[in-house]
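Presented below is the structure to which this report refers.
The values are calculated or read from the model by the stated rules, or taken from the named source; none is laboratory data. Here the structure is a predicted model, which means the values were calculated and not measured. No Cβ is skipped: glycine too gets one built from the backbone with ideal geometry, and neighbour counts run over all protein chains shown. Surface accessibility is based on the protein's heavy atoms, side chains included, excluding ligands, DNA and RNA. Shrake-Rupley method; radii C 1.70, N 1.55, O 1.52, S 1.80 Å.
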Amino acid sequence: MTSTYAVLSEGLEKRFGEVRALRGFDLAVAPGTVCGILGPNGAGKTTAVRLLTTLLRPDAGSARVAGHDLVREPEAVRRAIAVTGQYASVDGDLTGRQNLRLFARLHRVRGPAERAAELLDRFGLTEAADRAASTYSGGMRRRLDLAASLVRRPGILFLDEPTTGLDPVSRTFVWDAVRDLTADGTTVLLTTQYLEEADQLAHEIALVDQGRVAHTGSPARLKALVGAYVEVVVADAGALGGAAGVLDRLTGGEPAFDHDRNAVGAVTRDTTLALPRLVRELDAAGVPLLDASIRPPTLDDVFLRLTREPAA
């Protein structure tokens, strides 16, 4: 395998008893980018992250992380990465400053006091630096936890749902920190339940389904796979058939009816379809129109249409 990728896995498999959590997990992450790992519960996201961070050993397949073989060189992999899990790992009895100095000393970072001060400032924690971490809000503790992961400037950072439960201000701090990291060359693998977060941060998304990477691409590319949603609201129920015929001809998608609203919609992958043309076609067909819209797809649409329910 080539080492031109920050993370490269081929055919990773992991079984827990009779359950096949991973069934040939292939992933390629370019250096200095954010890769969002999305998928339904039970799809294999957490297992994949635990394998790539050496917390589990694969049953089959291979991977290189920061150029190091996952199985033969696990200590080298650990030296190159940092992991921020779903729960804060800082010591609540220590102050924010003491926590960061402790992590810096454990990692033998030169100038631990200076590095701690730099990170406190970066994450907006300077004013609270000398308070016990147990007095911090949830958002502040999350930011302190992320700062602790960055004490030794890792080449690859694994973020497992880093903003779960955070208020908008704290979430913005984390987002800005991730953008700064990638601008400095750090590679970030991000699992998140907030699709907006992946849309904002990820250069590439790996959509995991039933133990495999089912789709990869930029957010824009994945949205193009599912298409925009076209909806027409008519004046009376008798016009729904005519509206559906127009949508069928213009979009090629199967019309879906909302009889309570006298509405009909369909998915289109025709990027040239614009609202003025849609309205003209409906008018030409004699459809009494109340409203029409073309909504660009979101990552929620991608998630819902390109994944299945997890296997039992």
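Pick from segment 78-124 the residues that are closer than 22 Å to Asp180 by Cα and acidic (Asp, Glu): which of them is least open to solvent (accessible area, probe 1.4 Å)? If we take residues in segment 78-124 being closer than 22 Å to Asp180 by Cα and acidic (Asp, Glu), then Glu118 is least open to solvent (accessible area, probe 1.4 Å).
Looking at Ala198, is it hydrophobic (A, V, I, L, M, F, W, C), in contact (Cβ under 8 Å) with a residue 60 or more places away in the chain and surrounded by fewer than 19 Cβ atoms within 10 Å (Cβ to Cβ)?
Details: hydrophobic (A, V, I, L, M, F, W, C): yes; in contact (Cβ under 8 Å) with a residue 60 or more places away in the chain: yes; surrounded by fewer than 19 Cβ atoms within 10 Å (Cβ to Cβ): no.
Against the criterion (hydrophobic (A, V, I, L, M, F, W, C), in contact (Cβ under 8 Å) with a residue 60 or more places away in the chain and surrounded by fewer than 19 Cβ atoms within 10 Å (Cβ to Cβ)), Ala198 does not qualify.
Taking Ala206, is it outside any loop (DSSP other than H, G, I, E, B), small (Gly, Ala, Ser) and under 30 Å from Ala28 (Cα atoms)? Taking the combined requirement at face value, the residue satisfies it. Restricting attention to segment 151-193, report how many residues are open to solvent by 30 Å² or more (accessible area, probe 1.4 Å), at pLDDT below 85 and in contact with a helix residue (DSSP H, G or I) (Cβ under 9 Å, 6 or more places away or on another chain). Going through segment 151-193 one residue at a time, the tally reaches 5.
Can Gly96 be described as in contact (Cβ under 8 Å) with a residue 40 or more places away in the chain, closer than 25 Å to Leu189 by Cβ and not basic (Lys, Arg)? No, not satisfied. With respect to the conditions (1) closer than 30 Å to Tyr5 by Cβ; (2) touching a strand residue (DSSP E or B) at 6+ places or on another chain (Cβ under 9 Å); (3) modelled with pLDDT of 90 or more; (4) surrounded by 15 or more Cβ atoms within 10 Å (Cβ to Cβ), Ser218 falls short on a single one, namely (4). Among the numbered conditions (1) at pLDDT 95 or above; (2) closer than 16 Å to His107 by Cβ; (3) open to solvent by less than 40 Å² (accessible area, probe 1.4 Å), the only one that Glu75 does not meet is (3).
I'd like to know if segment 141-150 contains one or more residues that are open to solvent by 30 Å² or more (accessible area, probe 1.4 Å) and of a type in the set (Ser, Thr, Tyr).
No: zero hits.
So which helices (runs of 4 or more DSSP H) stay within segment 227-312 end to end and still have 3 or more residues that are open to solvent by less than 30 Å² (accessible area, probe 1.4 Å) and touching a helix residue (DSSP H, G or I) at 6+ places or on another chain (Cβ under 7 Å)? It would help to see each step written out before you state the result.
On the way: elements: 240-251, 275-284, 299-306.
So the answer is 240-251, 299-306.
Consider Asp26 carefully, then state whether it is assigned to a loop (DSSP other than H, G, I, E, B), in contact with a strand residue (DSSP E or B) (Cβ under 8 Å, 6 or more places away or on another chain) and in contact (Cβ under 8 Å) with a residue 12 or more places away in the chain. So Asp26 fails the test.
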